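Notes follow the structure.
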Amino acid sequence: MPENPAIDNLLNETRRFPPSKDFAANANVTEEAYAEADADFEAFWAKQARRLTWETEPTQNLDWSNPPFAKWFADGKLNAAYNCVDRHVEAGKGDKVAYYFEGEPGDTRTITYADLKDEISRGANALIELGVKAGDTVAIYMPMIPETIFAMLSCARIGAIHTVVFGGFSADALSTRIQDCNAKVVVTADGGYRRGAPSALKPAVDKALESCPDVHTVLVVERTKQDTHMQDGRDKWWHDYVGKQSSEHTPEAFDAEHPLYVMYTSGTTGKPKGILHTTGGYLVGCAYTHWALFDLKADTDIFWTAADVGWVTGHSYIVYGPLANGTTSVMYEGTPETPHRGRWWEIVQKYKVTILYCAPTVIRTFMKWGEEVPARFDLTSLRLIGSVGEPINPEAWIWYRRVIGADRTPVVDTWWQTETGSSMIAPLPGVTAAKPGSAMRAIPGIFTDVVDDTGKSVPNGSGGYLVVTKPWPSMLRTVYGDDQRYVDTYWSRFKDVYFAGDGAKKDGDGDVWVLGRVDDVMNVSGHRMSTTEIESALVSHVKVAEAAVVGATDADTGQAIVAFVILRGELPEEEQGPELITELRNHVSTQIGPIAKPRQIMVVQELPKTRSGKIMRRLLRDIAEKREIGDVTTLADSTVMDLIQENLAKST
Ligand code: WTA
């Protein structure tokens, strides 16, 4: 367990925020839910599965006969897109708004459930015409526009597996993912709007496809009307090709365990993992948690997850959860400061958003911009605010509740992961007296613990590793194409429990405080980044011999990427200046994406290593965070740290 002095201060946090009487009296979930789920968790989830419309109702609940490969509701059949869209139209809610889309330049679109049904039926017919079959994969590389959702649901409708690659990833990152999941069709756009200007996407696809010969079709959505190269025979405009399709399509039901999507996420090795989610259990997890943790009142709430659809938060809480529950959502394309720092609050005011869900990193940015910005807007529609993606520090939590939530709304801090599919640890908004900075306890139906090195549950007041002790419906089923990696990564560290890769402490009441990753994964602005992946990107540069990357604590982004590089011997000193650092940062950006750019790169002569050759990142983190260097006795050469420090003192 890495030491974390900050957490001991956190555990002295004594403020409590129970829901108001009114909120509690009208809440969807009451305290009894815990006992009900504890008594029989399978029956509890079987009951939640009834939130969906099944073509064949499942009679089986959990099948754990071949652990850690779980099956849930395996004899049930359903269609995810039908559950998200058609059934609401059939229930007479076709005119209900599914999305209020707000483009960054200020353009808007209102998409009803009936519109959505037409769009995804056309999309499904287009994919069928292209030869896409159930079980095939389709890559989606898009800005934050409604067509991203149309493309996902068009896939789900015909049983094709979508893999959405975040639009901020580079061509290289995109091609690795396309190759790994063997996608033959790519959906993209000419570009999207970021920070007040069109930002092209299609050129990255063209570059990525140079190494993906199996891709036969690229569907291109027109968003920015930028000059766009279209390759004859391969590239088709979405509005032409999808637009001409019939809006009639009958969805077919698939097995509950039919794959729904793959989402790539950083692991502890350089190669990203394709997290595989299947249909029935995933949708049950999303629908239940979206209803329970956000206290969703589908008829009146206006729900806004301010995240990108390209991450799991977008999949579960912009698309699948809200749609399965027939919710009206807001979707915003751009950045919070475009064209002004009050843009989010203007959106809340305009659409009378009642539930807002976002990441601590952006809350900290708003804090920095000052409370006078949100004060200019009417935020009284808000009745619940949520947080996800990284630990939220108590001060940010308090600010969020006081300034955005008018000291009135519950703050729901939700701990979960790409792998867990939906939220796992969170307060129940109508029940829990929340503590600022703690995600509190596992929600009904989910069972977690904090264990020591040997896998033994730690007593209250102690820290250790966060684990999940029972299977749950929306859990990942495997790493796409690599069952062994699934077993090794999640189920081998401790016996019979899921290892999340996070450190956590239990406080005196047994409430959980998630500390962050204990593996070589960093969390930068709520985005998971692998140290090894960035190290590989750095050493792929001709001038770099060796690299070590650490996540240093950062007041704005949670963690920041700091790299230490050893240059190739022959490089003259005058070529080691600031231009080289810029060149290296840009190199990482083209290899992975702008989000992976190190905040700082330091050139060093040596790296601290153990006798077995393992880089001691802990010591590098001390340097990056400008702390006194910790214990160096396990270093192969204990003078290395002095050398590094002398070296850095000289260069700064
Ligand atoms: C971190 C995002 C503390 C954690 C949904 C986890 C959190 C990783 C919280 C997953 C939270 C997420 N409190 N830490 N409320 N939520 N994390 O896969 O380290 O992008 O393992 O999923 O984010 O990131 P991922």
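The values are calculated or read from the model by the stated rules, or taken from the named source; none is laboratory data. Everything numeric here is computed off the predicted structure, so don't read it as measured data. Quick reminder, even Gly has a Cβ in these numbers, built from the backbone with ideal geometry, and neighbours come from all protein chains shown.
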Exactly one of these conditions fails for Ile629: (1) under 30 Å from Ile363 (Cβ atoms); (2) aliphatic (A, V, I, L, M); (3) touching a helix residue (DSSP H, G or I) at 6+ places or on another chain (Cβ under 6 Å). Give me its number. (1)
With at negative phi, touching a Pro at 6+ places or on another chain (Cβ under 6 Å) and not aliphatic (A, V, I, L, M) as the only criterion, which of Arg122, Arg157, Arg109 stands out? Arg157
Of Gly370, Gly405, which residue is at positive phi and away from the ligand (no atom under 16 Å from the Cβ)? Gly370
Please go through segment 90-117 and pick out each residue that is touching a Ser or Thr at 6+ places or on another chain (Cβ under 8 Å) and over 15 Å from Leu323 (Cα atoms). Glu102, Glu104
So Arg441 clears everything in (1) out of contact with any Pro (no Cβ under 7 Å at 6 or more places or on another chain); (2) under 17 Å from Phe23 (Cα atoms); (3) away from the ligand (no atom under 11 Å from the Cβ) except one condition, right? Which one? (2)
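Collect the residues in segment 347-373 that are within 30 Å of Lys93 (Cβ to Cβ) and surrounded by fewer than 17 Cβ atoms within 10 Å (Cβ to Cβ), keeping them in residue-number order.
Lys350, Lys352
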Please work out which one of (1) within 13 Å of the ligand (Cβ to nearest atom); (2) closer than 30 Å to Ser492 by Cα is the condition Gly463 fails and give its number. (1)
In segment 408-418, anything within 16 Å of the ligand (Cβ to nearest atom) and touching a Lys or Arg at 6+ places or on another chain (Cβ under 9 Å) is listed as Pro410, Val411, Gln417, Thr418
Test Gly326 against the stated conditions and say whether it is touching a helix residue (DSSP H, G or I) at 6+ places or on another chain (Cβ under 9 Å), touching a residue at least 12 places away in the same chain (Cβ under 8 Å) and crowded, with 22+ Cβ neighbours inside 10 Å. no
Can you give me the number of residues within segment 99-141 that are closer than 30 Å to Pro339 by Cβ and hydroxyl-bearing (Ser, Thr, Tyr)? 6
Do we find that Ile128 is buried (at least 24 other Cβ atoms within 10 Å of the Cβ) and within 24 Å of Ala253 (Cα to Cα) in this structure? no
If I filter segment 244-253 for residues that are crowded, with 20+ Cβ neighbours inside 10 Å and in contact with a strand residue (DSSP E or B) (Cβ under 8 Å, 6 or more places away or on another chain), do I get at least one hit? no
Filter segment 313-328 down to the residues that are within 15 Å of the chain's Cα centre (by Cα) and either of a type outside the set (Phe, Trp, Tyr) or assigned to a loop (DSSP other than H, G, I, E, B) (or both) and list them by number. Thr313, Gly314, His315, Ser316, Ile318, Val319, Gly321
Residues of segment 387-409 that turn out to be among the small types (Gly, Ala, Ser), in contact with a helix residue (DSSP H, G or I) (Cβ under 7 Å, 6 or more places away or on another chain) and closer than 24 Å to Asn26 by Cβ, as a count: 1
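For segment 497-514, what are the residues that are closer than 28 Å to Phe69 by Cα and within 12 Å of the ligand (Cβ to nearest atom)?
Across segment 497-514, the qualifying residues are Tyr498, Phe499, Ala500, Gly501, Asp502, Gly503, Ala504, Val512, Val514.
May I ask you to list the residues in segment 133-158 that are of a type in the set (Val, Ile, Thr) and either touching a Ser or Thr at 6+ places or on another chain (Cβ under 9 Å) or within 26 Å of Thr108 (Cα to Cα) (or both)?
Hits for segment 133-158 are Thr137, Val138, Ile140, Ile145, Thr148, Ile149.
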Selected residue (criterion: farthest from the ligand (Cβ to nearest atom)) from residues of segment 373-402 that are basic (Lys, Arg) and free of Cβ contacts under 8 Å to residues at least 60 places away in the same chain: Arg376
Extreme residue, surrounded by the fewest Cβ atoms within 10 Å (Cβ to Cβ), among residues of segment 329-346 that are in a helix (DSSP H, G or I) and out of contact with any Leu (no Cβ under 7 Å at 6 or more places or on another chain): Glu346
Pick from Ser536, Ser540: which is more than 9 Å from the ligand (Cβ to nearest atom), surrounded by fewer than 19 Cβ atoms within 10 Å (Cβ to Cβ) and within 16 Å of Tyr264 (Cβ to Cβ)? Ser536
Set Gln576, Gln600: member being surrounded by fewer than 19 Cβ atoms within 10 Å (Cβ to Cβ), modelled with pLDDT under 85 and under 29 Å from Ser170 (Cα atoms): Gln576
Could you tell me which of the residues Ile601, Ile581, Ile644 is assigned to a helix (DSSP H, G or I), of a type in the set (A, V, I, L, M, F, W, C) and under 27 Å from Thr365 (Cα atoms)? Ile581
Matching entry among Ala439, Ala406 (being buried (at least 22 other Cβ atoms within 10 Å of the Cβ), among the aliphatic types (A, V, I, L, M), under 30 Å from Leu379 (Cβ atoms) and modelled with pLDDT of 95 or more): Ala439
For Ala555, which of the numbered conditions (1) at pLDDT 90 or above; (2) of a type in the set (A, V, I, L, M); (3) surrounded by fewer than 18 Cβ atoms within 10 Å (Cβ to Cβ) fails to hold? (1)
Somewhere in segment 581-594, is a residue touching a residue at least 40 places away in the same chain (Cβ under 8 Å), of a type in the set (Gly, Ala, Ser) and surrounded by 18 or more Cβ atoms within 10 Å (Cβ to Cβ)? yes
When you go through Val565, Val550, Val632 one by one, which is the residue that is modelled with pLDDT under 85 and either closer than 28 Å to Gly516 by Cα or in a helix (DSSP H, G or I) (or both)? Val632
Number of the condition not met by Val362 [criteria: (1) among the aliphatic types (A, V, I, L, M); (2) part of a helix (DSSP H, G or I); (3) more than 14 Å from the ligand (Cβ to nearest atom)]: (3)
Within segment 318-332, is there a residue that is within 16 Å of the ligand (Cβ to nearest atom), at pLDDT 95 or above and over 26 Å from Lys93 (Cβ atoms)? no
With a cut-off of at least 2 residues that are modelled with pLDDT of 95 or more and either within 24 Å of the chain's Cα centre (by Cα) or of a type in the set (Gly, Ala, Ser) (or both), name the helices (runs of 4 or more DSSP H) lying wholly within segment 197-312. 202-209, 279-293
